[in-house]
Amino acid sequence: MKKHISTLALCAALVLSSPLAAQHSLNVRDADVRAFIEDAATVTGRTFIIDGRVQGKVSVVTDRPLSRSEYFEVFLSTLRANGLIAVPTANGAYRVQPTDGAASAPGRVGSRGGQNEFVTEVFRLRAIDASTAVETLRPLVSREGSITANRSGNSLVVADYADNIRRIRALIGQIDRDNATTQVITLNHAGAREIAMTLQQLSPAPGGGAEGGGGAPLVSVVAVDSSNSVALRGDAPTVARLTAIARELDARAANGSEIRVIWLDYADAQQLVPVLQMMAGSQGGGGMQPLSAAVAAPAANGAATGGASAPVGGAVALSNGRGQAIITRYEGANAVIISAPVDVQRSLAELVRQLDIRQEQVLVEAIIVEISDRVARELGVQFLIGGKDIPFLVTPFSNVTPNILDIAGGLLANDLDETTTVINGNTVTTSTNSAVGDFLRQNAANRILGARGGYTGFAADIGNNRVLGAIINAVQEDSDSNILSTPSLTVNDNVQGSILFGQEIPVSTGEALSNNFDNAFRTIQRQNVGIELEVKPQINAGNQVKLQIRQEVSSIVGPVSDDFNELIINKREVETTVTVKDREIIALGGLLDDNERRTIQKIPFLGDIPIIGELFKSRGKERTKTNLMVFIRPTILRTAEDAQAIAARRYNYVRAAQIEFNPKSEPSLDAIVRDYMGANIPVAPPAGPNDLVVSPRAMPNSAPLDSMTLPPSQPAQRSGQMPPLPGEQP
């Protein structure tokens, strides 16, 4: 009996320890969802955090007991069916919440786990585009999930239930395959770019037809100029069909016309023809070169560098007895005509394509500053002692005006014109006007009128027909000058340009007389005087501009002397080659001159006597300081917007000056542009985020000035402060 009881106890223990004891029944009808979650926590041993929005009732019916893992899967499926979700947390617990916003809630990354868990997975694509894949897979994502394309990494980020993630993964594996084929076609007669353009127009789009159905073409076509070939990649049947078309076009080109007309967009045909002739001659293996090929050709769309123009057009002998290539131009239009074999035409046409491009422009601005300060001081005393039949003493100094001899000559002019005659014992004095007297009077008047500063003097009769005269002269002269010139010039890259603001003056180059020393004639030459700027820019890598520049500033000083009327011309010239960065200012040259001159004229011995010797001296002191600087600033104009911004800024500067002169009327510049030229007032393009916009002053009874857009090379000025010096912290 005891043995039987122990056997029953052992069997009971085995039953309790068997897997059947770990199985649980799950049959609930209209149970509160919160109570349902509490039961699940007891059975599965997991912690659940219930969101406050979780409300409602659930019903679950099972036909057999469930293990703990099966119970948990049924629990998650029940939540999913009732619009709820269990989101894993960092500490191993689950947060039960409505499915709204489940895609943005923190969850597990990867599809490991049960099929009802909400997970996030990243799919990296190899063949198809991420944006295209999103449009294909979006309908397959559940209402609670989300799909996003990462274009930079060509990948997809999908947040959804694990079972749906597995289905999306299988589908991506089917569509993410590269089924395209690549074909390279080497052309023997036709040009690669021409064939590629034709194939692109014939390539069908996904919607069907060459005109496309709203998507990218099924085949990509690329022209390879270096090998004169065309590369095709895309749908295999389409690539095969286009390959056949390309080969047929290439074969037909072999029998095509040997005359071709190339219309140029930017280059100058007159400058381009010699280049093509030289290239055709070099391809001919040392054949005959035309006459025009001996002339060095400048830039394709630049200007001629000078000299007589050579004839454009000629025949070039080709190698292997293939005949001649004739290259010329049509003067009525900017076009080049080539008569040559097809392969020669193709190579020359490719050369034309590379040279026929729009040139960039460079605005060269010069600032010429000359500041001069001149100070002159003169002090002198002149004496004259003389009389009839006695020796005379005079101290004329050359550095003072007027000279005492000139005044004395004017006073004695009347005595020279008087004639004394004795008639019947009586002395008769008559006055006449002689040429010498007139000259002395005119000379004295000119010297007195040309006197500077303050002067005084006296003349006294000291008896015995003796006269004493003296003149004291004192002058102080200060003169300052501040000359600022800003010539500017816009020129194409690698093209020389010049601008002149000044006059043409005659300069004598020779003078001759006839055999009888009459009929004198003089030969003259015209010379430019003013401000002249010559520049040839070259745009280099890194926005560096190489400038071959000559800057000249000249002015007329006056004649050499009163007796020699040839002109003296001041001339300041800088001729150099510099390299400067775009929109930067460089000091091209300068002169700092400080010249001081002192003169003392005196009578020997008398002028050395202390104190009294100052009466026998004439002092002069002159000091001239000159500061001359030349600055250059190039600006590269790459686009039409750059040129428009410069034109608007210069226009507004002149317009503002007219407004300041007469604020109550419309600027005449606007009226000329609008009425006479029939054009719009230049307006700066919209400013970028780094551009400085200066608001102009308002103009009464007229539209306000347009905004001036300055280049973004000085960001420190936006705050209204001066830019920092090099090496200084802003």
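What follows draws every value from the coordinates through simple rules; no lab data is involved. Owing to the predicted nature of the structure, the values given are computational and were not obtained by experimental measurement. Here the Cβ is made from the backbone with ideal geometry for all residues, glycine too, and neighbour counts use every protein chain on show.
Backbone geometry of the range 140-150 corresponds, through the Karplus equation with coefficients 6.51, -1.76 and 1.60 at θ = phi - 60°, to 3J(HN,Hα) couplings of 8, 7, 5, 4, 7, x, 8, 9, 9, 9, 9 Hz, x marking Gly and Pro. Sorting the segments 647-655, 27-35 by their residues' average number of neighbouring beta-carbon atoms within 10 angstrom, most packed first, yields 647-655, 27-35. Protection proxy ranking of 490-496, 238-244, 639-645, 61-67, by the mean of other Cβ atoms within 10 Å over each peptide's residues and highest first, is 490-496, 238-244, 639-645, 61-67. Each peptide among 360-366, 42-48 gets the average number of other Cβ atoms lying within 10 Å of its residues, and from highest to lowest they stand as 360-366, 42-48. Run the paramagnetic zone check for Ser69: 7 angstrom along Cα to Cβ, then residues of the range 33-48 with backbone nitrogen under 15 Å. Within reach of a label on Ser69: 44. Placing pseudo-labels 7 Å out from each Cα toward the beta carbon at Thr136 and Asp163 gives an inter-label distance of 2.5 nm. For the pair Arg151 and Ala671 in one chain, pulling the backbone fully straight at 0.36 nm per residue adds 181.9 nm over the alpha carbon distance.
For Ile49, the amide hydrogen comes within under 5 Å of the amide hydrogens of Tyr94, Arg95, Val96, counting only partners 5 or more places away or on other chains and with H modelled in the peptide plane.
Projecting label points 7 angstrom from Cα along Cα→Cβ for Ile600 and Arg34 puts them 11.8 nm apart.
Estimated at 0.36 nm per residue, the fully extended path between Arg143 and Ser508 surpasses their Cα-Cα distance by 121.6 nm. Taking a straight Cα-Cα cut-off under 20 Å and skipping sequence neighbours fewer than 8 places away in the same chain, the aspartates and glutamates within cross-link reach of Lys546 are Glu360, Glu365, Asp493, Glu532, Glu534, Glu573, Glu575, Asp582, Glu584, Asp642. Extending 7 Å from Cα along the Cβ direction at Asn565 and again at Ala333 yields two label points whose distance is 6.1 nm.
For Glu584 and Ile175, the difference between the fully extended length at 0.36 nm per residue and the C-alpha to C-alpha distance is 141.7 nm. For Val394 and Asp593, the FRET efficiency from 1/(1 + (r/R0)^6), where r spans their Cβ atoms and R0 equals 45 Å, is about 0.75.
Local charge for Ile371 was computed over the other residues whose Cβ lies under 15 Å away, with Lys and Arg +1 and Asp and Glu -1, and equals -2.
For Gln496, the amide hydrogen comes within under 5 Å of the amide hydrogens of Ala303, counting only partners 5 or more places away or on other chains and with H modelled in the peptide plane. For Lys602, a cut-off of 20 angstrom between C-alpha atoms picks up these aspartates and glutamates, skipping any fewer than 8 places away in its own chain: Glu378, Asp406, Glu614, Glu622.
Residue-wise HN-Hα couplings along the range 477-494, as the Karplus relation 6.51 cos²θ - 1.76 cosθ + 1.60 with θ = phi - 60° gives them from phi, are 10, 10, 9, 10, 9, 9, 9, 10, 10, 10, x, 9, 8, 9, 9, 5, 4, 6 Hz; Gly and Pro carry x. The overall shape of the range 520-616 is oblate: from the C-alpha gyration tensor, with semi-axes ordered a ≥ b ≥ c, the ratio a/c is 1.5 or greater and a/b is no larger than b/c.
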